[in-house]
1. Return a yes/no flag: does the stretch 39-57 have any residue that is touching an Asp or Glu at 6+ places or on another chain (Cβ under 8 Å) and at pLDDT 90 or above.
2. If a residue counts only when it is in contact (Cβ under 8 Å) with a residue 12 or more places away in the chain and open to solvent by less than 40 Å² (accessible area, probe 1.4 Å), which helices (runs of 4 or more DSSP H) contained entirely in the chain have at least 2 such residues?
3. Which members of the stretch 23-54 meet the condition of being more than 19 Å from residue 2 (Cα to Cα) and in contact with a Phe, Trp or Tyr (Cβ under 8 Å, 6 or more places away or on another chain)?
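The values are calculated or read from the model by the stated rules, or taken from the named source; none is laboratory data. These numbers were taken from a predicted model, which means no experiment stands behind them. Cβ: placed from backbone, ideal geometry, glycine included. Neighbour counts: every protein chain shown. These area figures cover heavy atoms from the full protein model, side chains too; ligands, DNA and RNA do not enter into them. Shrake-Rupley method; radii C 1.70, N 1.55, O 1.52, S 1.80 Å.
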Amino acid sequence: METMKSKMDDILMFLSWGEISEEYFGRSRSWIYQKMNGNLKNGTPTEFTEEEKEKLRSALTDLAGRIINAAKEI
C-alpha cells in the first residue's frame with residue numbers, strides 16, 4: 001500500500017505537517033503523522049478519508065497560493 005507520505009515525498013521536508021494538522025484540520029500533530037505514515041490502529045493501517053483527502057488538497061492549494069503571493073512580494 002502506498003502511503004500518503006510516499007505520495008508527498010517531494011515536499012515533505014518543506015512543510016510543517018504539524019502546523020497543517022492544527023491549522024486546517026483542528027487536530028493534533030500526531031494525528032497527521034499517523035495518517036501520513038499509515039500507522040496501525042486496532043490492527044488496521046490508518047488512512048485519510050475521502051473528506052480528509054479533499055481538505056488536504058485544499059490546504060496544499062491554499063499554501064501554494066500563499067507561497068506564490070510571498071514570492072511576488074520579493
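1. no
2. 17-20, 29-37, 50-72
3. 25, 29 - these are the residues of the stretch 23-54 that are more than 19 Å from residue 2 (Cα to Cα) and in contact with a Phe, Trp or Tyr (Cβ under 8 Å, 6 or more places away or on another chain).
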